[in-house]
Every structure is written in structure tokens, then in C-alpha cells.
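Coordinate-derived values only; no laboratory data. Quantities reported herein were computed from a predicted structural model and do not represent experimental measurements. Methodologically, a virtual Cβ is constructed for each residue, glycine included, from the backbone with ideal geometry; neighbour enumeration extends over all protein chains shown.
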Amino acid sequence: MLSRVKTFVYAADAITTAGVSAQLRSCPEILVVDAQDVDSAAVAVIVVDEFDADAGRVVRAIQRDGCPRVVVVATRTDDGGLLAAIEAGACGLLRRSEAAPARLAAAVKSAAEGDGTLPPDLLGRLLDQVGKLRQAVLVPRGIRLNGFTEREVDVLRLLSEGSDTSEIADRLAYSERTVKNVIHDITTRLQLRNRSHAVAYAVRQGVI
């Protein structure tokens, strides 16, 4: 039997909500749910003119209500709105002019499967923005895109090989105090329990 993706639709006006809901109901793989059942939805679709602070609050509120994945349909998109949508936790963004039922349903299915959706030109703009962010903010601070510094990665790699504090200090020519501070910074920033948890996290993130 076809597994249907439970989907919640949000828009600021009732006419848009009804129209998008009707479009999705025409897709057999989608099951549209009402607001009272948002916590059962796998994906939410929010329709906005442009992604601004209010739209960001809507995304976060929906996620707090128990719907983890959000696809944004926007009338207008600029670089600021694109980054704001991603920072708010959206996993897909479509232009309203391109959101035909089949395409919107495909974006919902991708979101439910843990994937994201962006038009090719928006993906290019996003990569360009990430590149600028890296050069202007991360590189001067010695931080990688994964959020770790080179020194942190070196320490985590040696921890994963079973080295203790003194061995890491010898290998990297640091003081033992510096090594302990690096590990403390990692575990505190990422709210990790201990060294083993830090190593496990780094492995899952593909850092080491």
C-alpha cells in the first residue's frame, strides 16, 4: 500500500491555504492534515510572499509543535531570504510560480526522506553565499565550514586513535593545559558529555 506523507499547510490567508491544500490533496502520495494534527505531520508547507523574520518565527513554531521538516513556497526570493529560510530550519524552498502540484509534492516527499529541495539557480546563489561567508568570517578565525578549527580537528583525531592528553600534547607540540582547554571548548560548545562523546560526534559529522 502506498505510504502517504502527512503534510500540514500554512499560509497567512485562508484562500491560499485552501488552494495549496487542494493541490496537494490531488496527489495520492500526500495526506493533508489540519492545524490540530500538526504534531502528526512529517512535513509542513508554508506559503509566504517573502521569507522574513515573521516567516522564520512560523517555521520555528511549527517545528516546536512537532513537525520537523518545513518546505517554504515564496513569491519572491533574494539572497537574504534564502539564507534566513535555511537558518530558520527550512529544508526546501520553491518559488510560488514554479510550485505546480507535482513539483510541490516531490519537494514534500524529498523533505520527508530527509533531503532538501532548491531551484538550481538558488542553489548556486546559496553556494556563492557560503563561499563568501567562509572567506570573510570563517577563514580569518581558522574555522572550517563544519564548525571546528584545525586545532580541534587535530586533537579529536588523536583522541579517536586512543591518545591521552600528554601524548596529544607531545604530538602537536602543545601544553597539556592547551589540549584540555581545546577538549573543554568542544564539549561545552556542542553540549557533549565527555571526550568519547566528542569523538563519536566528530565521526558522525564526518569531521574525522
ask   = log₁₀ I(q)/I(0) of the stretch 142-204 at q = 0.14, 0.22, 0.29 Å⁻¹, via Debye over equal Cα point scatterers, no solvent, to two decimals?
value = -0.34, -0.87, -1.45
ask   = Rounded to a whole number, what is D in µm²/s for the chain from Stokes-Einstein with the Kirkwood radius over alpha-carbon pairs (25 °C, 0.890 mPa s)?
value = 126
key: Nearest-0.05 FRET efficiency for Leu83 and Glu113, computed from C-beta distance (R0 22 Å)   = 0.40
remark   = Amide H proximity to Ile208 below 5 Å, modelled H, separation 5+ or other chain, gives Val203
task = Please list, in chain and number order, the residues 5+ apart from Tyr10 or on another chain whose amide H is under 5 Å from its amide H, with Hs placed from the backbone.
result = Val45, Ile46, Val47
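What value does the stretch 46-136 have for Rg/Rh, both radii from Cα atoms and Rh as Kirkwood defines it? List each step's numbers first, then the result.
Details: Rg = 12.7 Å, Rh = 13.3 Å.
Radius of gyration over Kirkwood radius for the stretch 46-136 works out to 0.96.
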inquiry  = List the aspartates and glutamates whose Cα sits under 17 Å from the Cα of Lys180, skipping any in the same chain fewer than 8 residues away.
reply    = Glu150, Glu152, Asp154, Glu161, Asp164, Glu167, Asp170
request  = Could you run the Karplus curve 6.51 cos²θ - 1.76 cosθ + 1.60 with θ = phi - 60° over the stretch 36-51 and give me ³J(HN,Hα) per residue in whole Hz, x for Gly and Pro?
outcome  = 5, 10, 4, 5, 8, 6, 7, 9, 10, 10, 10, 10, 9, 6, 8, 8
remark   = Cross-link reach from Lys6 to lysines, straight Cα distance under 21 Å and at least 8 residues apart if same chain, gives Lys109
note = Non-local residues with an amide H under 5 Å from the amide H of Thr149, with H modelled 1.01 Å from N and Pro and chain starts lacking one, are Arg144
